[in-house]
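Contents: one structure, followed by commentary.
Read the figures in this text as sums done on the coordinates, not as results from a lab. In this text the structure is predicted, and so the values were computed from the model without any measurement. FYI the Cβ positions are ideal-geometry reconstructions off the backbone, even for glycines, and counts take in every protein chain you see.
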């Protein structure tokens, strides 16, 4: 069983993972992964994922093997049927086929390139891993999803606000460069599955994927929650319990980062989380997946304030991933 | 005792390693390396070696320490008596002298640069490691040898074809760039030591090292096998039990990759392993050390076919290396 | 409790660490770090530190997690109050805040850039780690200090020369490029704390930091030792028991490496440790922290000679760091 998106699991299964993570957070629970190795494949930089996966696997008795295609290991081709006479040295089919002889599961981080929206929205590299692997594949952030993050987020909301339905704001923020949208996608999906009322605020030009929004709206309807989208920044903060900030690039600017940078310039200084906006909320907690640019996405005042839970979110990555690693092997 | 080339061991000793590897493949055999650390020094990228060594050392109870000279650790000078006022920061003599105070053995990967044939054919960097080290040095692919690979290959032939003498074809294949010849060298040597009848097929200009061929022919004579070299591509496949494909660069083109690329162009599309050629064999298995460029070295049809054993070869790296690691410490 | 400079500890405490290290060197002493993870953060290359920390943590039962900001993990901003709209992706405050939820201590290597003396002499990055962390921070070489090295040096002097006061020469040596002064700084401090008589020899232009020298002189006075500084190269060697060589850059050349290179040219071939100079000593041992450029800093004859203890120094890094890791957790 893979862990590619929370959408592949029922709310009950997801709640079970969080309850398992809460038990892990309370203390040591043996070495269920003793003797097992796990490949962590990083196409991109990482702090939280890299460190928390290594620590979690160690604490469960296992062994993490880190690979960086294109750096410590070979460049990878993921398309089938290609004549590999270009600059890619190894096919993902062999990469995965070999690795799964050595390891019990494969974690993969592979960001969007922000070059070709129609291709990247289908998550081609992560899905190639899943297609070729017979061992579990764990999504450590792909072009379109970051389910380990969104599960840590849901766990954090439950810890801080209780197990009930919350009013949650996912707000776009200005950043000097366009970024992938895996985090907002997965947050919207998971929040909908957990029954929260979700408001997504972004300026025109930063719409999330239509299918993704439709999927989230469907989960919201099923779980008794609600999903709305607004361009009205101040109104968005009114009465919410959770402010979740993230910057991302516009779909229509994929392949043209300068156009995105030019378009977003008008939103600088305004689309930032600050005390003024936070004061409009229902004493909301402040969340961000990190890394975050201070005084760009969020002011020092807010992120250093008492309602900031960004470090707890990051800590919960460790616990939820232990739950995922052990649940996948039952 | 070092593990630099199968040529330093008798056929009996090599067979003993394979029998040990077969036992490791059957299951857990304790933690003989508990408390021991092993340095893995990578001058070049790696997937199979990096992952299988880390997993094997962990499964045996030990600890792998990875170093990458010129990246995570300092650039290295291996020549003696040099005034080190250039761009090399540390001498291999100190690098090895220090490491062996921390670890029980040192594995080294250091590819040929394909720049200076007369120098590289003597394997200067690997031999400097062996000279300066008092702990065992394990060759994880040098300019001229890849004995962990060739031992995994011999183990795979034995598993798939039985412990008897086989007809083995080692065939050059077209690749867009010249590559090192460590793999064909070590395969030819080991196959000769194990008594197989070896045919080496390559176009003019891709002759292997004369001393190496002489050494392999000597082993073949001793073990009752045979060694022949041919330029006749189709004839080469007739009646063989094993097809082992690999591309390599021409000795005379060392230092001039463009000349090699121009010369090899005529062999493109013809020097590839495909179903037509495989049908000439005695239902041969297909082998390659990986990484392999699909539809360049071998067609999808062959590598994805039932007679392809490339993933098993790679898996056997894990088992044979466990045997090498534990035999070296007896 | 952090381990940033030996100056933060009393001579008694430092001696206790060496005695603990001597016990570790004699053999296994259990797994006091079982279940604990340790972050090793490398902004710069490393051999000894990287390998000895990994091996030491493993031998003590723990788990080392390596991070390389700007490569495997994100680029880091360490200044407070900055609007992070430039090229830094994560603030050190979050980096540390998150890591300490996963690990028991954080080791950091961050070299001087040799660009801005007034800023770098305050060790801004290492001190930011210490400021933001609530778990212990271990200095694995900062802009101004390398206390793990100087403690291994003090241990080596005690092993080779006995526990009594020695006459110690710290000599500058020519090197093609300016280097940081963390090693000479920490050596001078620690040698003074341990009561040795220290002579520092360097050409004009390579003065160490005035505050640092004042601090070392203060310790020397307290411990009954002596500190002198000389430009007289030959006189410096007379009668000393220990020759400690190191090259470093001139404070006044920070930001202008070409000026330093031009200035130092006159000292080439003369400011090198050779047999002639060693013969002026009281049969001194030769020490260097490594990596060392042979026949630039020291001749082959000296470093390969019987009085060279450079490999022992490097080995002692392993033992003293085990002492530091376990003492910090008492």
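Assuming a ≥ b ≥ c are the square roots of the Cα gyration tensor eigenvalues, decide whether the stretch C:41-187 counts as rounded (a/c under 1.5), prolate (otherwise, with a/b larger than b/c) or oblate.
It comes out oblate by the Cα gyration axes.
Pairing the Cα long axis of helix C:210-223 with the longest principal axis of chain C, what angle in degrees results, from 0 to 90 and rounded to the nearest 10?
80 degrees
Calculate the mean, over all residues of peptide B:84-91, of how many other protein chain Cβ atoms lie within 10 angstrom of the residue's Cβ.
Neighbouring Cβ atoms belonging to other protein chains average 6 per residue here.
Any idea how far the Cα center of the stretch C:123-163 sits from the one of the stretch C:171-201, in Å?
With the stretch C:123-163 and the stretch C:171-201 each reduced to a Cα centre, they are spaced 14 Å.
For the protein assembly as shown, count all C-alpha to C-alpha pairs, find those more than 42 Å apart, and express that count as a whole percent of the total.
Here the tail beyond 42 Å accounts for 44 percent of pairs.
Suppose a student asked you for the relative contact order of chain A, using Cα pairs under 8 Å spaced at least 6 residues apart; what percent would you report?
Relative contact order for chain A comes out at 20 percent.
With bins 10 Å wide starting at 0, give me the P(r) of the stretch C:246-306 over every alpha carbon pair, in whole percents.
P(r) over the stretch C:246-306, rounded to whole percents: 20, 44, 27, 9.
Placing one identical point scatterer on every Cα of the stretch C:217-257 and ignoring solvent, what is log10 I(q)/I(0) from the Debye formula at q = 0.19 Å⁻¹?
For the stretch C:217-257, the Cα-only Debye profile gives -0.86.
Any chance you could check the Cα centroid distance between the stretch B:215-263 and the stretch A:276-321 for me, in angstrom?
What the calculation gives is 62 Å, centre to centre.
Quick one: length gained pulling residue A:235 to residue A:134 fully straight, 0.36 nm per residue minus the C-alpha distance?
So the extension gain works out to 31.6 nm.
Place a label point 7 angstrom from the Cα of residue B:13 along the Cα-to-Cβ direction, then list the residues of the stretch B:108-145 whose backbone nitrogen is under 15 Å away.
Counting backbone N atoms under 15 Å from the label point, the list is B:136-139.
Based on alpha-carbon centroids, what's the gap between the stretch B:1-71 and the stretch A:1-59 in Å, whole number please?
Using only Cα atoms to place each centre, the spacing works out to 29 Å.
Using only alpha carbon positions, build the gyration tensor of the stretch C:1-93, then give the equivalent ellipsoid semi-axes as the square roots of 5 times its eigenvalues, largest first, whole angstrom.
32, 18, 11
Rounded to the nearest 0.05, what FRET efficiency is calculated for residue B:23 and residue A:87 with R0 set to 41 Å and r the Cβ-Cβ distance?
0.50
Please give the calculated 222 nm ellipticity per residue for chain C, where each DSSP H segment of at least 4 residues contributes -39500 (n - 2.57) and the sum is spread over every residue; nearest 500 deg cm²/dmol?
-12000 deg cm²/dmol
For the pair residue A:80 and residue A:228, how long in nm is the line joining their label points, each one 7 Å along Cα→Cβ?
Label at residue A:80, label at residue A:228, 4.5 nm between them.
What residue among A:85, A:284, A:152 has the largest mean-square fluctuation in a Gaussian network model of chain A, using Cα springs under 10 Å?
The residue that fluctuates most here is A:85.
Let me know the volume per residue of the alpha-carbon convex hull for the stretch A:174-215, in Å³.
Hull volume normalised by residue count: 82 Å³.
Take residue B:274, project a point 7 Å from its Cα along the Cβ direction, then tell me which residues of the stretch B:291-308 have their backbone nitrogen under 15 Å from it.
What the label zone holds, given the 15 Å backbone N cut-off, is B:294-303.
Can you give the FRET efficiency to the nearest 0.05 for residue C:301 and residue C:119, using r as the Cβ-Cβ distance and R₀ = 51 Å?
Plugging the Cβ-Cβ distance into 1/(1 + (r/R0)^6) gives 0.80.
Give me the Å³ per residue figure for the convex hull around the C-alpha atoms of the stretch B:188-330.
It comes to 140 Å³ per residue, whole-number rounded.
Any idea what angle helix B:11-26 forms with the longest principal axis of chain B, computed on alpha-carbon atoms, 0 to 90 degrees, nearest 10?
Relative to chain B, helix B:11-26 is tipped by roughly 80 degrees.
Relative contact order, percent, of the stretch C:150-313 when contacts are C-alpha pairs under 8 Å separated by at least 6 residues?
Over the stretch C:150-313, the number comes to 28 percent.
What ranking do A:233-241, A:8-16 get when scored by the average of other Cβ atoms within 10 Å per residue, highest first?
A:233-241, A:8-16
Distances in nm, one decimal, shortest first, from residue C:301 to the same residue in every other copy, taking the label point 7 angstrom along Cα→Cβ.
Sorted ascending, the copy-to-copy spacings read 7.1, 7.1 nm.
May I ask you to order B:303-314, C:220-231 by the average number of other C-beta atoms within 10 Å around their residues, highest value first?
Put in order of decreasing packing, that is B:303-314, C:220-231.
Which whole number gives the average, over all residues in B:41-49, of C-beta atoms from other chains lying within 10 Å of the residue C-beta?
Across B:41-49, the average partner-chain Cβ count within 10 Å equals 5.
May I ask you to derive the FRET efficiency for residue B:164 and residue B:71 from their Cβ-Cβ distance with R0 = 45 Å, giving the value to the nearest 0.05?
Rounded to the nearest 0.05, the efficiency is 0.50.
Along the principal axes of its C-alpha atoms, what lengths does the stretch B:101-230 span, in descending order and rounded to whole Å?
So the extents along the principal axes, rounded to whole Å, are 45, 34, 26.
Springs between alpha-carbon pairs under 10 angstrom, Gaussian network model over chain C: which of C:46, C:71, C:37 fluctuates most?
C:71
Does anyone have the angle between helix C:182-193 and the longest principal axis of chain C? Alpha-carbon axes, 0 to 90°, nearest 10?
That helix lies at roughly 70 degrees to the long axis.
Divide, for chain B, the radius of gyration over alpha carbons by 2.2 N^0.38 Å, where N is the residue count.
The reported ratio for this selection is 0.98.
Pick from A:135, A:83, A:96: which is most flexible by mean-square fluctuation in a GNM of chain A where alpha carbon atoms under 10 Å apart are linked?
Residue with maximal mean-square fluctuation among A:135, A:83, A:96: A:83.
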